[in-house]
Amino acid sequence: VQRPSDHLDKSGFSSAAIHGNKSQSQRQRALKAFSDNRVRVLVATDVAARGLDIPNVSHVINFDQPMTYEDYIHRIGRTGRGGAVGKALTFVDYR
């Protein structure tokens with residue numbers, strides 16, 4: 001999660017990462033920066049993203065395919081809330 005966030009930053013897309021190796025205060029700062037539009041992209045592990053309620057999320061991109069249908073619905077439910085329009089994309093590895 002940190003590597004994709006760092007790569008996005010180097011490519012000109014401001015981002016913040018949330019994962020298990022971050023302290024609670026670091027996670028809270030990342031969430032606040034995203035909510036305040038100081039960073040445009042929030043990169044999070046599935047576990048770290050659980051329970052987040054962030055309004056006005058326009059896109060959810062699943063880099064890894066969710067393990068279950070319920071996990072997929074939970075993830076994409078972060079966008080398009082309250083009648084807003086949102087997009088959800090999932091990368092699928094063709095083997």
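Residue check: Ser15 meets all listed conditions (1) polar (S, T, N, Q); (2) in contact with a strand residue (DSSP E or B) (Cβ under 7 Å, 6 or more places away or on another chain); (3) without any contact (Cβ under 8 Å) to a residue 24 or more places away in the chain but one, namely (3).
Elements of the type strands (runs of 3 or more DSSP E) sitting completely within the chain and holding at least 2 residues that are open to solvent by 60 Å² or more (accessible area, probe 1.4 Å) and modelled with pLDDT of 85 or more: these cover 59-62, 87-90.
The values are calculated or read from the model by the stated rules, or taken from the named source; none is laboratory data. What you are looking at is a predicted structure, and each value in this text was computed from that prediction instead of being measured. With ideal geometry, Cβ positions are generated from the backbone for all residues, glycine too; neighbour counts draw on all protein chains shown. Note: accessible area is taken over every heavy atom of the protein model, side chains too, but ligands, DNA and RNA are not part of it. Shrake-Rupley method; radii C 1.70, N 1.55, O 1.52, S 1.80 Å.
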